[in-house]
1. So what is the orientation-averaged projected area of the range A:95-137, using the convex hull of its C-alpha atoms, in nm²?
2. Each residue of the range A:126-134 in turn: what ³J(HN,Hα) in whole Hz from Karplus with 6.51, -1.76, 1.60 and θ = phi - 60°, glycine and Pro shown as x?
3. Tally Lys and Arg at +1 and Asp and Glu at -1 over the other residues with C-beta under 14 Å from the C-beta of B:D78: what net charge comes out?
4. May I ask you to compute the full-extension gain from B:N109 to B:I57, defined as 0.36 nm times their residue separation minus their alpha-carbon distance, rounded to one decimal in nm?
5. Counting only other chains, and only Cβ atoms inside 10 Å, what mean value do you get across the residues of A:7-16?
6. Work through the residues other than A:A137 whose Cβ is under 13 Å from its Cβ and net out their charges, Lys, Arg +1 and Asp, Glu -1.
7. Counting only other chains, and only Cβ atoms inside 10 Å, what mean value do you get across the residues of B:180-191?
8. How high is the FRET efficiency from A:D176 to A:N86, r the C-beta distance, R0 35 Å, rounded to 0.05?
Amino acid sequence: MERLSAQQRSKIRRLSEPKELAPDEEGGELNIVPFLDIITNVLMFVLATVSVTFTATLDTFPPRAGGAGARAPTTPTLGLTVILVNEGFSVKARGGNVAPGCNDVGPGLAVPKGQIDGKPDYDYPQLNACVKKLKNASDEFKGETTVTISASPNIPYQAIISTMDAVRKNDDNGEDLFPDVNFGLAR
Amino acid sequence: MTAPPNDPNAPFNPPPRQKPASMAVYKRELRREIRRKKTEPEINFLNITAMMDMMTIILVFLLKSMSAQSASLPQSADLTIPKSIVTTEASQEGVAVLISKSQIVVDDNPVVPVPSNPTQGVEGKYKRSGPNDLYIVPLANTLQTWRDRDKQVRAATGKDPSSSEAIVIADQNTPYRLLVEVLFTLGQTEFSKFHLMVLQGAKK
């Protein structure tokens, strides 16, 4: 086999050295690392200062002064009214007062206050169960979605909102019960 | 006879020069050597352009959704919004009526002060016919101005001009009487739909 001479070996060594790229021949990437640092800091400050409050709105209609001028319904309606008083919920349906236990018509509060976390408070699960029972009492009430909510003058707004939540959906299966709320005026 | 090895008088006899290899062998060796010494180029900069594009889009969406949902609600001791289980999108349509512990505000303008014990609503002197009335006159005047303007806007934009909408932002301890007075006054000034602002995330 032919052997390379010393000159040839030297030349091969010289020519085979990898070439150093000139600065202007390198890949033209912009160094944006400092920019990224700034953006990250700004982003963290923005996120920390913006108070995230996830809000929603409940749609309602103007209060009705009840009764006068209203036409008598042609089909039986439930006409559910929930009144918040200091002792609990008074529920009226089909023009009569619902008795305690939500099984019959009679005097008394349908859902009195219960002991919630060791102190007396409105029993929203019981109210939900009560309106569910009233809605399922007859097939004619199935399509009814309107409830009138009224309250004593001193009842706080949070209790009104929680009552609207309690009558809106069936807690068990998520079905709509009475999502349309009218506010009533105590006369 | 050969000269002794250390003889200074011996003639200089260089080693025989090696004959160079042929050009084909030389080139083959050169190619092999270049291939052997070839190194992968070092990556000096990570290409994060695609990630930056993605981050920018996410950031824009994040800021947009935050601004839509926060709705510039001033949460303070004077105004704490009630919590609800609803998770629907907050409506942004209508005049903002704010009922705090100290005053009723329409579109950032204080209209009527709220008394320290508001279970009978605002003071009688602000109502049309005394303490038992529900119609709050200064509030109605302000709302009427807003309503007149909104009526024209609605007519111009093809919406139903017969009524307007209102966003009611009330403190969680606002008594029902005061709430009803505000809602009644809104109804009297041709506002037919109210959006009650609540915070999402109440426990069942």
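1. Working: hull surface 12.3 nm².
In nm², the orientation-averaged hull projection of the range A:95-137 is 3.1.
2. 5, 5, 4, 5, 5, 5, 5, 5, 5
3. On the way: positive: B:K101; negative: B:D171.
Net charge in that neighbourhood comes out at 0.
4. Numbers: separation 52, 0.36 × 52 = 18.72 nm, distance 3.68 nm.
Taking B:N109 through B:I57 to full extension adds about 15.0 nm, to one decimal.
5. Numbers: counts 4, 8, 4, 0, 3, 8, 3, 0, 3, 10.
Per residue, the average neighbour count from other chains is 4.
6. Details: positive: A:R94, A:K132, A:K133, A:K135, A:K142; negative: A:D104, A:D139, A:E140, A:E144.
Local charge sum for A:A137: +1.
7. On the way: counts 10, 2, 0, 6, 5, 1, 2, 5, 1, 0, 1, 2.
Shielding by partners across B:180-191 averages 3.
8. Working: r = 29 Å, r/R0 = 0.84.
Computed FRET efficiency for A:D176 and A:N86 comes out at 0.75.
Where a number appears in this text, it was derived from the coordinates with a stated rule and is not lab data. Just so we're clear, the structure is a prediction, and the values are computed from it rather than from any experiment. Quick reminder, even Gly has a Cβ in these numbers, built from the backbone with ideal geometry, and neighbours come from all protein chains shown.
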